[in-house]
1. Among the residues of segment 87-113, what is the count of those that are farther than 19 Å from residue 43 by Cα and either without any contact (Cβ under 8 Å) to a residue 40 or more places away in the chain or surrounded by 15 or more Cβ atoms within 10 Å (Cβ to Cβ) (or both)?
2. Just checking, which of 181, 169, 162 is at pLDDT 90 or above and either in contact with a helix residue (DSSP H, G or I) (Cβ under 9 Å, 6 or more places away or on another chain) or outside any helix (DSSP H, G or I) (or both)?
3. Taking segment 200-213 only, how many residues are modelled with pLDDT under 95, out of contact with any helix residue (DSSP H, G or I) (no Cβ under 8 Å at 6 or more places or on another chain) and surrounded by 13 or more Cβ atoms within 10 Å (Cβ to Cβ)?
4. Select from segment 234-253 the residues that are free of Cβ contacts under 8 Å to residues at least 60 places away in the same chain, surrounded by fewer than 19 Cβ atoms within 10 Å (Cβ to Cβ) and part of a helix (DSSP H, G or I) and list them in ascending order.
5. Taking the stated definitions as given, is residue 127 modelled with pLDDT of 85 or more and not in a helix (DSSP H, G or I)?
6. For segment 76-97, check the following and say yes or no: at least one residue is over 26 Å from residue 242 (Cα atoms) and assigned by TED's automatic domain parsing to the domain that holds residue 129.
7. Are any residues in segment 190-208 under 16 Å from residue 273 (Cβ atoms) and in contact (Cβ under 8 Å) with a residue 24 or more places away in the chain, and if so, which ones?
């Protein structure tokens, strides 16, 4: 795409994603609020904090091979948000305030993307609702992936709140560690997303193989940190108020290992191979398999059972994506 057209393309994409967020947010709040009526403040803040990063420009910075922009305008605000949320959690012991702090920083990244890529250019956002949804229709596979992820990410806390509410704080802390680990891993993911196609079509398969050989070691290192240091981190953050033993940090560590590998397969490999449909299908498959397993696991074994159910559902996603990647590489 010509350089002069890129800012306009991003502007059109931004408006379409903004309209989608306006529709998705109330639906997410209604769904989570109906299942969790005693924590509506957490539902309102948490839903928006999760959805806002979808307005960001990380994919644009990756496409133009601009790691400095990617770090300064997208990764850094999210890291600052996590650090701020931990500080607020330590100081106030309020999950709502902690997520609110992260929400503020999650808003900064899209605003920076708007300023850097739209306001500083000649691009004019197209606010036509009809044309915006026409653009979304042409990108239905990524939309399905994002929408399914948005709904499924809230399922464990909703289910635990219904069947084992006393363990909700332990799960929330583990989920926070998991999200922090994914944020730390995100520069690696974003680097390989840009590096794989950078060498041209003839080097794509070779670079994919190198990526798939090396990134699991980075994921394993992160998983070891979650498992080994997770209980200590939770004890410090909660001042000993939340129970979080290694029997819980272990499945969270494995979830991180599996999800980090899945992100590389899905976002770096399948997209590059032109198999976005397989990425969408794997996400839907994981949600369909995961929800019943979460209900069974949480009902029978509480929070530990719920996290192990997550391990199983994410492993199903990983296996599907691995098979799709192998097929795609053979046909590339």
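1. Looking only at segment 87-113, we keep the residues that are farther than 19 Å from residue 43 by Cα, and these are 87, 90-91, 108-113.
Right, trim to either without any contact (Cβ under 8 Å) to a residue 40 or more places away in the chain or surrounded by 15 or more Cβ atoms within 10 Å (Cβ to Cβ) (or both) and you get 87, 91, 108-113.
Going through segment 87-113 one residue at a time, the tally reaches 8.
2. Working: 169 fails: at pLDDT 90 or above; 162 fails: at pLDDT 90 or above.
Criteria check complete, one pass: 181.
3. Within segment 200-213, residues that are modelled with pLDDT under 95, out of contact with any helix residue (DSSP H, G or I) (no Cβ under 8 Å at 6 or more places or on another chain) and surrounded by 13 or more Cβ atoms within 10 Å (Cβ to Cβ) number 1.
4. As a first pass, look at segment 234-253 and keep what is free of Cβ contacts under 8 Å to residues at least 60 places away in the same chain: 235, 240, 245-247, 250, 253.
Filter once more, keeping what is surrounded by fewer than 19 Cβ atoms within 10 Å (Cβ to Cβ): 235, 240, 245-247.
Within segment 234-253, 235, 246, 247 meet the criteria.
5. Values: modelled with pLDDT of 85 or more: yes; not in a helix (DSSP H, G or I): yes.
When the stated conditions are applied, residue 127 passes them.
6. As a first pass, look at segment 76-97 and keep what is over 26 Å from residue 242 (Cα atoms): 76-77.
Still in the list and also assigned by TED's automatic domain parsing to the domain that holds residue 129: 76-77.
Yes, segment 76-97 has at least one match.
7. Filtering segment 190-208 for residues under 16 Å from residue 273 (Cβ atoms) gives 192-208.
Those that are under 16 Å from residue 273 (Cβ atoms) and in contact (Cβ under 8 Å) with a residue 24 or more places away in the chain: 192, 193, 194, 196, 197, 198, 204, 205, 208.
For every residue, the table says whether it meets (1) closer than 24 Å to residue 223 by Cα; (2) at pLDDT 90 or above; (3) surrounded by fewer than 19 Cβ atoms within 10 Å (Cβ to Cβ); (4) in contact with a strand residue (DSSP E or B) (Cβ under 9 Å, 6 or more places away or on another chain).
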site	(1), (2), (3), (4)
270	yes, yes, no, no
284	no, no, yes, no
290	yes, yes, no, no
294	yes, yes, no, no
302	yes, yes, yes, no
320	yes, yes, no, no
323	yes, yes, yes, no
332	no, no, yes, no
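The values are calculated or read from the model by the stated rules, or taken from the named source; none is laboratory data. Remember, it's a predicted structure, so these values are computed and weren't measured experimentally. Cβ atoms come from the backbone with ideal geometry, glycine included; neighbour counts cover every protein chain shown.
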